[in-house]
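For reference, the structure is listed below as structure tokens.
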Amino acid sequence: ADLGPVVGATPAEVSAGKRSGKMLPDKAFATERWSAMDMDIQFAGERVLRPESLPLENLSVHAVMSDAVLRLAPLRFGVAHGQIETTVVMDSRPTPLAVQADARVRGLRLSALFPKVELVDKSLGHLDGALALRGAGNSVAKWLGTSTGQARLYVRDGTLSRELLNLAALNVGSVVVAKLFGDDREVQLRCAVADMEVHNGVASPRTARLSTSEAVVETTGTIDLAREQLDLHIKPQSLQWKFFSLRTPLYVRGSFAHPDVGVEAGPLLLRAGG
């Protein structure tokens, strides 16, 4: 939203650029203007305040527009007590627009993203990660829907509960945690890691595991960025037999906007038969 005017969109247009029932912005970049100008801008700000948004700290960006190619190399800023560094190249000469994005995240405190969670003085953990994606499309949604690359995320030292995830408006996460650990339980997160491969807009976890003091939870399946559809399978492996003896694998299916979380019927029937 802050960089919208650079690519020909007003903040209002960026906010409105979502399709009905979809989550990813589909507002087209106004690339027809890019060949009419060149620019070379460097900007640094100690603190950038934005209405109803988290403040950005230690922002620095070098933006270069030349021969209808926009480069943000690098774009760095601090947010939620962490640091994000990105390099973005958007080439409007081919049709559709070709986009390359590389990003690194260091020490981002997840609770700081959700003010209601910070008020209860609980931690959702600290996030480190990286992603590299290449794709083509004149909007964020179309670019992600064609992208190929990889993403790796690592979360450490947090607390999980249905209440905390509800406060953060992470509705799918709150349902999954409640089904795995119980409605009123608070579970200490040791670490969580996700190593995702993305091919033609479909993300598949090579490794996706969450470790707590009571269980290791593994996730497999796919995330279709083009169709905005989830097809994930979540399997707990108990570290405490008495607690997980009645637990069973879960599924997460449906659209990003309206996902469905349920119990895998096959393992449940086998347990009932046993």
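The values are calculated or read from the model by the stated rules, or taken from the named source; none is laboratory data. Remember, predicted model here, so these are calculated numbers, not experimental data. A quick note on method: Cβ atoms are made from the backbone with ideal geometry, for glycine too, and the neighbour counts reach across all protein chains shown. Remember, those area values only see protein heavy atoms, side chains included, never the ligands or the DNA or RNA. Shrake-Rupley method; radii C 1.70, N 1.55, O 1.52, S 1.80 Å.
Extension gain for Val64 to Lys122 (0.36 nm times residue separation, less C-alpha to C-alpha distance): 16.8 nm.
Using Cα-Cα distances under 8 Å and only pairs 6 or more residues apart, what relative contact order does segment 82-270 have, in percent?
On the way: 456 pairs, mean separation 24.9, N = 189.
So the answer I get is 13 percent.
For n ≥ 4 DSSP H runs only, could you compute -39500 (n - 2.57) per run for the chain, divide by its residues and tell me the 222 nm figure to the nearest 500? Numbers along the way, then the final one.
Values: 7 runs with 48 residues, N = 274.
After summing the helix terms and dividing by residue count, I get -4500 deg cm²/dmol.
With the simple model of a label 7 Å out from the Cα in the direction of the Cβ, Phe43 to Ser255 spans 3.4 nm. Here's the picture: charge each Lys and Arg Cβ at +1 and each Asp and Glu Cβ at -1 in segment 82-270, and of Gly135, Ala226, Ala168 the one pushed furthest to the positive end of that dipole is Gly135. Here the chain has 56 percent of its accessible surface on carbon and sulfur atoms, given a 1.4 Å probe and all protein chains in place. The modelled label-to-label distance between Ser35 and Tyr154, using points 7 Å beyond Cα along the C-beta direction, is 4.5 nm. Rg/Rh for the chain (Cα atoms only, Rh after Kirkwood) is 1.01.
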